[in-house]
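Below is one structure, written out as structure tokens; the observations come after it.
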């Protein structure tokens, strides 16, 4: 009887090497994807805040410097290296719309409405340590993503009768309204313009409402949703709006205040 010579096949070894290469490639892809996602998170939660806050602080200093120069060459805010005239406008520019229904601003002369995306005021909320520029419009690129607080078009200007309605990011891009949920009745909201400082006092809050609830920024702010929280009489109001819960845009958080003091510049 002939003795059979065993034959060793390499098929299984080659298959195992192919599987190992596939697993290694998959692992590399997973790690790469994880690093990319981590960088995106860092960019959104850290870098956009840092960049927007720096830009917003620069804009506040630029406005303060311009206003000081207009009041007779007073010393500019420390550390300002901005260009004179940044973020403001000359009164009475042709073709600019007037605020509908608004009379002269209390404590100062009437001025034409600011240009789109233009920073023209500074909001300060001591309770939450906020100082930020206010710009015309609520566009993301030109206003909100720069760390500014945006003024809703067709709502009143600071100090005027009606509702001075504002929006700001709660998370990322400077997140100026991150902590407005901490505001309580009696807290102060100061809005500084070239003409005056307007002080509003927080009166009411609405913890959650629909993004389509336009009543919260009406001239007499009052929610369109039951049980219709808000105000019932005409006055001079401020409204702060932001997204809620944090890191979502499903609902809106609203804080209302009434004008209680005007200090002319």
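The values are calculated or read from the model by the stated rules, or taken from the named source; none is laboratory data. What you see is a predicted model, and the numbers here were worked out from it, not measured in a lab. Neighbour counts are summed over all protein chains in view; Cβ atoms, including those assigned to glycine, are modelled from backbone coordinates with ideal geometry.
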Qualifying positions in the range 189-234 - crowded, with 16+ Cβ neighbours inside 10 Å and part of a loop (DSSP other than H, G, I, E, B): 193, 194, 195, 213, 218, 219, 221, 223, 229, 231
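Quick grid of which residues meet (1) more than 21 Å from residue 135 (Cβ to Cβ); (2) buried (at least 17 other Cβ atoms within 10 Å of the Cβ); (3) touching a strand residue (DSSP E or B) at 6+ places or on another chain (Cβ under 8 Å):
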residue	(1), (2), (3)
186	yes, no, yes
236	no, yes, yes
244	yes, yes, yes
254	no, yes, yes
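Quick grid of which residues meet (1) at pLDDT 50 or above; (2) surrounded by 18 or more Cβ atoms within 10 Å (Cβ to Cβ); (3) in contact with a strand residue (DSSP E or B) (Cβ under 7 Å, 6 or more places away or on another chain):
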{"site": "85", "(1), (2), (3)": "no, no, no"}
{"site": "98", "(1), (2), (3)": "no, no, no"}
{"site": "107", "(1), (2), (3)": "no, no, yes"}
{"site": "122", "(1), (2), (3)": "yes, yes, yes"}
{"site": "144", "(1), (2), (3)": "yes, yes, yes"}
{"site": "149", "(1), (2), (3)": "yes, yes, yes"}
{"site": "170", "(1), (2), (3)": "yes, yes, yes"}
{"site": "177", "(1), (2), (3)": "yes, yes, yes"}
With the requirement that a residue be in contact with a strand residue (DSSP E or B) (Cβ under 6 Å, 6 or more places away or on another chain) and surrounded by fewer than 22 Cβ atoms within 10 Å (Cβ to Cβ), what does the range 127-136 give you? 131
Which condition number does residue 200 fail, the rest of (1) without any contact (Cβ under 8 Å) to a residue 60 or more places away in the chain; (2) within 24 Å of residue 174 (Cβ to Cβ) being met? (1)
Residues that are touching a residue at least 40 places away in the same chain (Cβ under 8 Å), more than 10 Å from the chain's Cα centre (by Cα) and at negative phi, drawn from the range 136-175: 152, 155, 156, 157, 158, 160, 161, 163, 164, 165
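This table checks each residue for (1) at pLDDT below 60; (2) more than 22 Å from residue 247 (Cα to Cα).
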site	(1), (2)
1	yes, yes
4	no, yes
8	yes, yes
17	no, yes
20	no, yes
27	no, yes
46	no, no
54	no, no
Flag for residue 156 being over 15 Å from residue 131 (Cα atoms) and assigned to a strand (DSSP E or B): no
Within the range 209-258, the residues that are free of Cβ contacts under 8 Å to residues at least 60 places away in the same chain, touching a helix residue (DSSP H, G or I) at 6+ places or on another chain (Cβ under 7 Å) and closer than 18 Å to residue 191 by Cα are 254
